[in-house]
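For reference, the structure discussed in these notes is given below.
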Amino acid sequence: MTMGLRSRFFAATYDRQMRSTERAGLADMRKGLLANATGDVLEIGGGTGGNLGYYGPAVGSLVVTEPEVAMVKRLQAHVREQRPGTTVLRAPAEDLPFEDDSFDTVVSTLVLCGVDDQPRSLREIRRVLRPTGKFLFLEHVRSEDPKLAKHQDKMNWLNRAVVCCNCNRPTVHGMASAGFELDSLEHTDLPKSPKFVRPMVIGVAHVPSTAPRANGADVATGANGA
Ligand SMILES: C[S@@+](CC[C@H](N)C(=O)[O-])C[C@H]1O[C@@H](n2cnc3c(N)ncnc32)[C@H](O)[C@@H]1O
């Protein structure tokens with residue numbers, strides 16, 4: 001299957017593929033996480049719009065980015081039905097079309113497993129977050145159990161072929177390397193899914209005010225360290 005055909009197939013079947021997982025608990029996990037979203041919110045890799053119904057009144061504006069055309073079409077249809085006024089933009093997480101410090105909250109659910117360049121995507125999230133901003137994530141990740149992690153490595157080719165993502169990324173370590181500090185972290189399981197995609201994390205992170213900014217500027221002085 002070509003990449004184009006595969007991504008069209010993925011988009012066309014995504015909601016159906018996820019239905020029993022959502023009902024078995026993923027929908028409640030989304031709801032719990034997104035209760036933390038406030039102010040100007042950016043969601044990356046929004047897919048078909050699975051989170052749209054869970055944003056509450058504390059959200060002032062909502063922008064959802066998504067790189068795949070076939071997903072964007074479905075996302076736009078769901079925005080019209082569920083949350084008119086949401087801005088939808090076609091963009092990858094590696095190259096977000098926003099100024100530095102644009103958002104109070106950035107949301108990523110089941111995305112960092114599939115981006116082409118995770119360190120670059122995390123740097124971009126950090127760049128567009130305001131200094132007081134929060135990063136809300138729900139991601140399936142590499143298991144902390146070495147035996148299961150090895151099984152994930154073995155099965156990753158299948159996961160890549162079927163759902164276009166890597167099930168074995170140490171995403172929480174990636175966040176720490178990108179300068180994020182955790183406010184909360186829950187290790188849980190993606191319901192109704194094969195063992196090798198089950199390990200999941202849900203949490204909230206921020207960038208400490210003492211950390212150098214993602215663009216090289218120093219927070220305390222505002223000076224650019226380039
Ligand atoms: C498993 S789906 C998750 C969709 C949605 N976030 C959700 O929670 O249902 C992964 C999404 O990430 C998108 N994606 C793939 N590569 C990406 C990238 N480089 N930047 C941002 N999103 C990407 C895919 O097109 C897809 O919509």
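The values are calculated or read from the model by the stated rules, or taken from the named source; none is laboratory data. This one's a predicted model, so the numbers in the text were calculated from it and none came from an experiment. Reconstructed Cβ throughout: ideal geometry from the backbone, glycine too, with neighbour counts over all protein chains shown. All accessible areas refer to the heavy atoms of the entire protein, side chains included, with ligands and DNA or RNA removed. Shrake-Rupley method; radii C 1.70, N 1.55, O 1.52, S 1.80 Å.
A few remarks follow.
- Solvent exposure of the range 24-125 amounts to 41 Å² per residue of accessible area, where only protein heavy atoms count and the probe is 1.4 Å.
- Between amide H atoms placed 1.01 Å from N, distances below 5 Å from Gly39 occur with Val59, Gly60, all of them 5 or more places distant or on a separate chain.
- The range 1-105 shape via C-alpha gyration tensor axes, a/c threshold 1.5: oblate
- Free of any GluC sites (Glu not before Pro) that DSSP assigns to a loop and that have at most 12 other C-beta atoms within 10 Å, the longest stretch within the chain is 1-98.
- Extension gain, Arg6-His173: 0.36 nm per intervening residue step, less the Cα-Cα distance, totals 57.1 nm.
- Antiparallel bridge percentage (DSSP; both residues within the chain; nearest 5): 45
- Fraction in percent of alpha-carbon pairs per bin - 10 Å, the chain: 8, 34, 38, 17, 3, 0
- Potential lengthening of the chain between Leu158 and Leu182 amounts to 5.5 nm, from the contour at 0.36 nm per residue minus the alpha-carbon distance.
- The chain, helix-only ellipticity at 222 nm - DSSP H runs n ≥ 4, -39,500 (n - 2.57), divided by all residues, nearest 500: -11000 deg cm²/dmol
- Among 46-54, 198-206, 170-178, the order from most to least packed when residues are scored by Cβ within 10 Å on average: 46-54, 198-206, 170-178
- Residues with amide H under 5 Å from that of Val88, placed H, sequence gap 5 or more: Val64
- Exposed loop sites here are trypsin sites (Lys or Arg not before Pro) assigned a DSSP state other than H, G, I, E or B and surrounded by at most 16 other beta carbons within 10 Å; excluding them, the longest clear run of the chain is 91-191.
- Accessible-area composition of the chain, carbon plus sulfur, in percent [1.4 Å probe]: 53
- Out-of-range pairs (alpha-carbon distance over 19 Å; input Lys31/Lys134; Lys134/Lys195; Lys31/Lys195; Lys150/Lys195): Lys134/Lys195; Lys31/Lys195
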